[in-house]
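**Q** Pasting a structure below so you can have a look.
FYI, it's all coordinate maths here, none of it is from the lab. Predicted model only: the values in this text are computed from it and were never measured. Please note: Cβ atoms are built from the backbone with ideal geometry, for glycine as well, and neighbour counts cover all protein chains shown.
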Amino acid sequence: MLKILLVDDEQFTTEGLISTLDWDRFDGRLVGTAASGEEAVRLTDKLLPDVIISDIKMDGMTGIDLAGIIHRKKESMRLILLTAHGEFEYARKALQYGVIDYILKPITRDKIEHLTELLVQLNAQKEQHRNSYLFAWDSSLKGDLLNALRNESCDFIDQFFQSPLFEELMSGEECNTIGVQLIDYLYQYLSEINVSPKALDYSRNETINAFLDTDGRQHKMDFIITKYYDLLTSRSEAPPSHADAITAFALNYIRKHYMDPEFNLSGLAYSMNVSLSHLSTVFKHATGNNLSTYVTELRMERAKALLSDLQYSITEIAQMSGYNDAKYFSRLFKKRTGRTPGEYRNLAIQGGVHGV
């Protein structure tokens with residue numbers, strides 16, 4: 001199935017595409033529509049479309065801007081732009097962001113046919129990639145990961161979490177299924193080292209529910225990475241060499257970038273030219289927190305401070321605190337504080353949240 005997100009500030013264009021595209025022919029499903037580039041960015045993290053069909057010229061964020069954001073986030077989503085004749089040169093600039101085609105307005109029957117054929121090709125490519133990656137997953141990866149855990153082989157786990165295979169597995173419709181399998185492998189290893197079965201079952205269910213409750217591909221990937229490195233770190237008692245310098249750099253980098261929704265653990269390790277496992281171990285030894293928890297705590301503290309300022313909406317505060325999805329931010333905020341952002345704001349205005 002090919003998941004499609006339509007983006008246009010003219011409703012009749014969106015409705016026209018919905019009614020004239022031959023969805024069955026390319027096994028397509030409309031997962032959402034957006035009337036602006038800003039709305040589209042928020043939806044991509046939640047809906048994970050395979051293809052975004054967007055008008056190039058909209059008020060605020062343009063289709064070019066949207067393409068640039070998707071490109072910088074290294075998402076696997078494909079973009080097709082709708083453009084007027086006068087915007088032709090403008091559309092060509094989008095090729096640097098991986099935009100695969102553009103459709104000239106007005107959209108005629110022939111152009112709908114061209115677009116449909118393009119979507120048929122994209123769906124075939126998706127199926128081919130899916131089959132090859134799932135074969136790689138099924139054939140050997142489980143055994144390799146379990147052996148790496150048994151032998152405390154951080155090198156293999158680093159390579160896997162920073163590989164195109166991991167990104168591909170977590171970018172498609174199987175994202176939740178793959179994530180749950182990775183968690184199962186972790187708990188299978190824990191069962192081998194004689195951890196209490198009752199404690200394991202409870203912990204596994206809690207971990208899986210927390211994973212499924214996490215929104216956005218990057219957040220899900222960071223969740224899995226953190227769980228694996230938490231286990232590896234707990235088995236290393238000696239503080240690594242150069243711990244102070246690595247921790248100081250990491251803390252400084254995180255404080256500069258944690259407000260960016262695109263911040264992720266792999267990017268942090270890459271910027272420091274160290275492995276994820278080494279960075280995770282150093283950071284846990286030095287601070288007592290894993291990286292993901294530390295980033296979340298910083299974001300929650302920033303959100304609390306912003307909620308006392310009425311000039312910002314909850315959606316704006318979510319963005320300013322590092323979350324593209326306001327609903328996910330609200331759920332996480334309530335889980336961390338016991339209150340929704342709105343409830344916290346009301347209490348903050350009344351001066352009743354000191355020490356929370």
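**Q** Rg and Dmax of the chain over Cα atoms: what are they, in angstrom?
**A** So, for the chain, Rg and Dmax equal 22.4, 69 Å respectively.
**Q** Suppose each label sits 7 Å from its Cα in the direction of the beta carbon; what would the R150-K111 distance come out to in nanometres?
**A** 6.0 nm
**Q** I need the Debye-formula profile for region 2-107: one equal scatterer per C-alpha, no solvent, reported as log10 I(q)/I(0) at q = 0.12, 0.18, 0.21, 0.23 1/Å, two decimals.
**A** For the requested q values the scattering log ratios are -0.34, -0.81, -1.13, -1.37.
**Q** Once fully extended, how much extra length lies between Q159 and K327, figured as 0.36 nm per residue of separation less the alpha-carbon to alpha-carbon distance?
**A** Numbers: separation 168, 0.36 × 168 = 60.48 nm, distance 3.29 nm.
Full extension of this stretch gives 57.2 nm more.
**Q** What is the spin-label model distance, in nm, from I193 to D22 if the labels are put 7 Å beyond Cα along the C-beta direction?
**A** 5.7 nm
**Q** Under a 5 Å amide H to amide H cut-off, with H placed in plane at 1.01 Å, what residues pair with L2 once short-range neighbours are removed?
**A** Hits under the 5 Å cutoff: G28, R29.
**Q** Filter K73/K256; K126/K227; K73/K126; K304/K334; K73/K304 down to the pairs with a C-alpha to C-alpha distance above 21 Å, please. Working shown, then result.
**A** Numbers: K73/K256 18 Å; K126/K227 29 Å; K73/K126 19 Å; K304/K334 11 Å; K73/K304 27 Å.
Violating the 21 Å limit, Cα to Cα: K126/K227; K73/K304.
**Q** Which far-off residues, 5 or more places away or on another chain, put their amide H under 5 Å from the one on I103, with H placed in the peptide plane?
**A** L81, L82, T83
**Q** In 10 Å bins starting at zero, report the fraction of Cα pairs in region 297-349 per bin as a rounded %.
**A** Once binned at 10 Å, the Cα pair distances of region 297-349 give 29, 66, 6.
**Q** Report, by chain and number, residues whose modeled amide H sits under 5 Å from the one on A34, excluding near sequence neighbours (fewer than 5 apart, same chain).
**A** L6, V7, D8
**Q** Something else about it: For the pair A305/N289, report the inter-label distance in nm, with labels modelled 7 Å from Cα in the Cβ direction.
**A** 1.3 nm
**Q** Rounded to the nearest 0.05, what FRET efficiency do K335 and A245 have when you use their Cβ-Cβ distance and R0 = 41 Å? If you can, show how the numbers build up before the last one.
**A** Details: r = 34 Å, r/R0 = 0.83.
In this case the efficiency is close to 0.75.
**Q** Using 0.36 nm times the number of residues separating D101 and A124, minus their current alpha carbon distance, what extension gain do you get?
**A** Numbers: separation 23, 0.36 × 23 = 8.28 nm, distance 1.67 nm.
Gain on stretching D101 to A124: 6.6 nm.
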